[in-house]
Structure formats: structure tokens, C-alpha cells
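Read the figures in this text as sums done on the coordinates, not as results from a lab. Computed from a predicted model, the values in this text were never measured in an experiment. Note that we place each Cβ from the backbone using ideal geometry, even for glycine, and neighbour counts take in every protein chain shown.
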Amino acid sequence: MKNLSFFSAAFIAMSLFSCGGGSDAHKGLDACGCAKVTDAAAPDFAKCMELRKDSVFEKDYQHCAIAQKNGVDPSKLNVQTSDDAKELKAPEDGVFSLDPATSNVRWYGEKITRSKHTGTIAVKSGKIEMKGGQIFSGEVVMDMTSINCLDLKGDEKTDLEGHLKSPDFFDIAKFPEARFVITSSQSTTAIDHQTKGKLTIKGVTKDFDAKLVVVPTGNEVSIGGGLLFDRAQFNVKYGSGKFFKDLGDDLINDEVTLILNVKAKR
């Protein structure tokens, strides 16, 4: 679980107990197997894309992909072994304000050649409203001007960060913020919450469901979880096979993972 926070690990552990799926039409292909098929030239690529048209398979696929991108085997994770999960106290009802100093969002992206990069996005503001132990509503506002890359240095780091901020990608001059708004939530365990909401990136808003781990300590809550989104749906077109042909090694995977790790106080 290298470089994986408790909240990220807990999210994956709680949501990835099954990576099933598959179908009689494509025996031997399940969601976790398809999450590893990223080469468009691979024999199973077209089959996996066909399977992903099924909504149940797609949810399993997204969960598996998040685990894979974080180097985690979901079958070997157990949140109950973490010391962080022992001192739970029901959250008070009311509005909790996110603390930008102790909150962040981690991003993961990769080229079709398997070249991977990761970095962070600062949390600008936000709030979580708790009612009866549930997330009643909430919002996480991300500062897209803060996008940075953690695995490069020098000119390579500067070039990639500049490109991500340019109109080719997230166009931060026009769209300096992104946000995830929670519209409803239902707890399924003491800390696991199934949420419904809306994700806004580059001025485009899409309905979005996410499993979040909520660790309450009375007047504070810590929230973690993962969002896997298709950047092409948010007009982030550069290097996308959905918009450009014959990109070869320049093809960039459309799927981007965001891992939330935020803290909020009354």
C-alpha cells in the first residue's frame, strides 16, 4: 500500500470486495481483467469495451481500475486492521467546513504506452452537512490552478504541469475551479457511504456516484474515496482516441483517477 492513505485504502477495501462481471459472450473476461487491458491493439480490448456498455460491469470495472492504479490488491485489504478506524464517534449534526490546509486531491493518469504520472490538486473550499449520521449534502471545490506533478523534476515537471493547465487539457485560465457536489448519501457500514452527486470539470457537469469512507470523531470528520472519470466527457480532448485517429504512442488514456482525502471541522 505504498503512498496510499488510510482513506484511499479504506475506500478501495470497502468497494472492491468483488470484481466480477463478465458474460457468456466473453468468457474469461471480468472487470478486473479488463482494467488491465489498456492497449488498443490488444486482442481483448474491443471485447472489454463492449462489456463496459453494461452499467453493472462498468461500475465493477471502475472500482478495479482505481485499485490497480494505486497498486492495491483489493482482496488483501481489510479496513478493520487499521488503527485509524478504532476511535469512531458519531458525527454531530450540522455543517462541517473543509480545511484546505489538511485536505487534498490526488490524481493519476497514464499514456496508452503505460507511462504513468501522479500529482495533487489543492482543495480550495467546501463543506459537508451531516444529519443523523449521514452525509446530507456537501461540496468539494478543487483549485485547478494548483495542479502539480509529483513524479517528475526540472523541465519535465514544468512542461507537464504547464500542459495540464493549458487549453489542451484543463484550461485553468477559463476554468480555475472543479467541484464535486454531493446531493445525497446512504451509509452501508459504520464508515462506508454510497453517495450521489455531480462532478463539474471544465464547465461540464455530469451525474456522478461515489463510495466515500467517512471517519467521524464528533466535531470533526475525515473523508476519503475515489472518483474515476472519463476526461473526454468533460471536453478534455488532447491525445484522446475518441477524437483523434492514428495517435500511436501519443495516445493518452481517457480515464483519470481522483482520490479525495479531506478533513472538515464544525
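Taking region 207-233 only, how many residues are over 28 Å from Gly133 (Cβ atoms) and surrounded by fewer than 13 Cβ atoms within 10 Å (Cβ to Cβ)?
Within region 207-233, residues that are over 28 Å from Gly133 (Cβ atoms) and surrounded by fewer than 13 Cβ atoms within 10 Å (Cβ to Cβ) number 0.
Report, by residue number, each residue of region 103-158 that is farther than 16 Å from Thr195 by Cα, among the β-branched types (Val, Ile, Thr) and part of a strand (DSSP E or B).
Val105, Thr118, Thr120, Ile121, Val123, Val141, Thr145, Ile147
Return the pairs, sorted by first residue and then second, in which the second residue is assigned to a loop (DSSP other than H, G, I, E, B), the first residue lies in region 170-181 and is at negative phi, the beta carbons are less than 7 Å apart, and the residues are 6+ apart or on different chains.
Here the result reads Phe170/Lys202; Phe170/Val236; Phe175/Lys202; Phe175/Gly203, each pair linking region 170-181 to a residue that is assigned to a loop (DSSP other than H, G, I, E, B).
Restricting to region 132-182, and then to whatever is exposed (fewer than 14 other Cβ atoms within 10 Å of the Cβ) and hydroxyl-bearing (Ser, Thr, Tyr), can you tell me which residue is nearest to the chain's Cα centre (by Cα)?
Ser166
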